[in-house]
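The values are calculated or read from the model by the stated rules, or taken from the named source; none is laboratory data. Computed from a prediction, not measured in an experiment: that's the story for all the values here. So basically every Cβ, Gly included, is an ideal-geometry build from the backbone, and we count neighbours across all protein chains shown. With ligands, DNA and RNA removed, areas are computed over all heavy atoms of the protein, side chains included. Shrake-Rupley method; radii C 1.70, N 1.55, O 1.52, S 1.80 Å.
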Amino acid sequence: MKWVYVEDIAAYKDQDVEIRGWVYNKTSMGKVRFILVRDGTGIIQATAFGKDEANPLFARFDALTQESSLIVRGRVREDKRAPGGYELSLAEIEIVQIAQEYPSSPKEHTTPFLMEHRHLWLRSRKQHAVLQVRAEVIRAIRNFFDDRGFRLMDTPILTPSACEGTTTLFETKYFDQAAYLSQSGQLYNEATAAAFGKVYCFGPAFRAEKSKTRRHLIEFWMVEPEVAFADLDDTIALGTDLILFIIERVLSRRRADLEALERDTKPLEAVAGPFPRYTYDDIVPKLQEKGSAMKYGDDFGAPEETILSGLSADPVLITHFPAAIKAFYMQPDAARPDLALGVDFMAPEGYGEIIGGGQRIHDLELLERRIRESNLPREAYQWYIDLRKYGSCPHSGFGLGVERVVSWMCGIKHIRETIPFPRLLYRIYP
RNA sequence: UCCCCGGUAGCUCAAUAGGCAGAGCGGUUGGCUGUUAACCAAUAGGUUGGCGGUUCGAGUCCGUCCCGGGGAGCCA
């Protein structure tokens with residue numbers, strides 16, 4: 001008998017098939033029995049009628065517990081009463097393992113309990129839907145760059161020096177020396193971009209910050225493109241195209257998952273581009289008008305992100321930040337050297353910053369000066385400085401946080417549900 | 001790191017003013033031919049997060065520690 005998956009079941013109407021999976025739930029009415037069988041791709045109801053105690057089918061049915069693994073065989077039948085439109089008329093149950101008493105029921109649970117059982121929580125409908133969307137977002141990102149001639153250049157996770165402040169880095173041993181878990185592949189991207197023109201890296205980033213918010217993970221995934229000879233406007237255009245592409249893919253391919261999450265898709269459908277664009281100088285008075293207490297020269301806090309989120313149905317772009325609050329490698333504006341040619345993309349609906357990027361310094365002397373002013377160890381950056389000696393050119397790129405985009409697509413409140421095993425400030429288990 | 005909240009049965013929660021620790025779900029047993037978190041009946045299930053204190057008596061009050069949750073700050 002053919003082993004099939006629930007997501008393909010419609011193709012097997014009125015045929016005998018085999019499904020391998022787990023008991024999502026079961027119920028019995030005396031002479032009619034139902035098993036909701038979950039196989040990883042979907043859930044189908046298997047039904048059996050009768051009350052023949054000699055029939056091993058019924059004895060096996062009775063033995064099943066929640067999340068027991070099993071193989072069911074039977075005929076696929078169209079039935080309007082069944083969710084999904086199809087159910088399986090049971091001919092045979094083969095028990096693979098009887099699950100011990102399952103710690104969670106299909107009823108309500110608190111966040112600490114669910115997080116403690118994250119390895120099992122993944123089996124539930126909503127978590128399944130979120131992670132399907134995540135997989136789609138990642139696939140969309142890879143397709144987007146691969147189809148546009150970008151080369152995937154993996155950057156190291158173990159790095160020899162602090163790229164930014166050491167307080168935000170995880171330190172580990174590298175034989176006899178110290179090493180740090182990468183916060184970003186960007187500096188290495190600048191090297192590969194000079195070798196391949198258009199590159200991207202895609203991997204985990206680690207931050208040892210004691211951030212305890214719904215928008216931060218200690219370990220998160222980031223895609224970072226870098227393009228040689230591209231300026232700030234080029235990188236804004238690229239980021240805009242990427243976001244529109246991701247939304248289109250999720251809407252066209254994961255609509256059923258968005259429905260399972262009760263995500264109102266209208267705000268996603270409304271995102272069109274080009275995205276509204278403000279300079280830092282323009283946006284600060286606007287924020288102050290709307291009640292923000294920030295002063296010129298401050299970075300955005302949570303209240304500012306909320307106001308920015310409400311300005312448009314599209315993501316809102318902020319450019320030309322004061323150089324003092326941005327990273328050392330940001331290219332200053334030619335006309336206003338106190339401003340950096342950086343851009344932040346703020347997602348609508350309160351999902352915060354999803355892209356941060358900009359143009360990098362390509363002038364040797366300027367970069368050396370900025371490294372000195374930032375009190376960074378010159379030796380550690382020698383290779384990075386070299387890039388400005390040998391065929392330097394203007395270049396730009398950005399980083400997009402995968403989990404924040406997935407949160408936004410799914411319309412879920414907390415970023416911890418957008419990755420199978422979130423690393424949080426007070427949680428590293430499971 | 002700071003502010004706020006919480007920890008009682010496997011889970012979700014009750015327990016007047018300090019006075020016998022309970023219910024629903026889940027488990028088990030039985031019943032029921034269309035259930036979707038079924039329903040009906042019965043039944044088992046407890047070191048009230050740890051330590052110390054006040055009291056005739058502490059789940060409840062006090063101290064302290066631990067573990068979580070919400071928010072702020074921090075945050076290429």
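Points to keep in mind about this one:
- Residues satisfying the stated conditions in the range A:288-304, i.e. within 20 Å of residue A:324 (Cβ to Cβ) and not hydroxyl-bearing (Ser, Thr, Tyr): A:288, A:293, A:294, A:295, A:297, A:298, A:299, A:300, A:301, A:304
- Any hit, the range A:163-171, residues being away from RNA strand B (no atom under 16 Å from the Cβ), under 30 Å from residue A:205 (Cα atoms), assigned by TED's automatic domain parsing to the domain that holds residue A:245 and open to solvent by 40 Å² or more (accessible area, probe 1.4 Å): yes
- Residues (of a type in the set (Val, Ile, Thr) and outside any loop (DSSP other than H, G, I, E, B)) located in the range A:388-430: A:402, A:405, A:406, A:415, A:418
- Only one of the numbered conditions (1) open to solvent by less than 50 Å² (accessible area, probe 1.4 Å); (2) part of a loop (DSSP other than H, G, I, E, B); (3) among the hydrophobic types (A, V, I, L, M, F, W, C) is violated by residue A:366, and that is (2).
- Filter result for the condition that a residue is assigned to a loop (DSSP other than H, G, I, E, B) and touching an Asp or Glu at 6+ places or on another chain (Cβ under 8 Å), over A:356, A:350: A:350
- Among the residues making up the range A:213-223, those that are within 10 Å of RNA strand B (Cβ to nearest atom) and buried (at least 22 other Cβ atoms within 10 Å of the Cβ) are A:222, A:223.
- Hits in the range A:38-76 (condition: in contact with a Lys or Arg (Cβ under 7 Å, 6 or more places away or on another chain), open to solvent by 40 Å² or more (accessible area, probe 1.4 Å) and closer than 14 Å to residue A:91 by Cβ): A:49
- Number of positions in the range A:276-285 that are in a helix (DSSP H, G or I), open to solvent by 10 Å² or more (accessible area, probe 1.4 Å) and under 23 Å from residue A:240 (Cα atoms): 2
- Hits in the range A:88-122 - residues which are assigned to a helix (DSSP H, G or I) and surrounded by 11 or more Cβ atoms within 10 Å (Cβ to Cβ): A:113, A:114, A:115, A:116, A:118, A:119, A:120, A:121
For every residue, the table says whether it meets (1) under 17 Å from residue A:138 (Cβ atoms); (2) within 12 Å of RNA strand B (Cβ to nearest atom); (3) outside the structural domain of residue A:333 (by TED's automatic domain parsing).
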residue: A:392; (1), (2), (3): no, no, no
residue: A:395; (1), (2), (3): no, no, no
residue: A:400; (1), (2), (3): yes, yes, no
residue: A:406; (1), (2), (3): yes, no, no
residue: A:411; (1), (2), (3): no, no, no
residue: A:424; (1), (2), (3): no, yes, yes
residue: A:427; (1), (2), (3): no, yes, yes
residue: A:430; (1), (2), (3): no, yes, yes
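- For the range A:391-412, a residue qualifies if it is open to solvent by 40 Å² or more (accessible area, probe 1.4 Å) and in contact with a helix residue (DSSP H, G or I) (Cβ under 8 Å, 6 or more places away or on another chain), and the qualifying residues are A:391, A:392, A:404.
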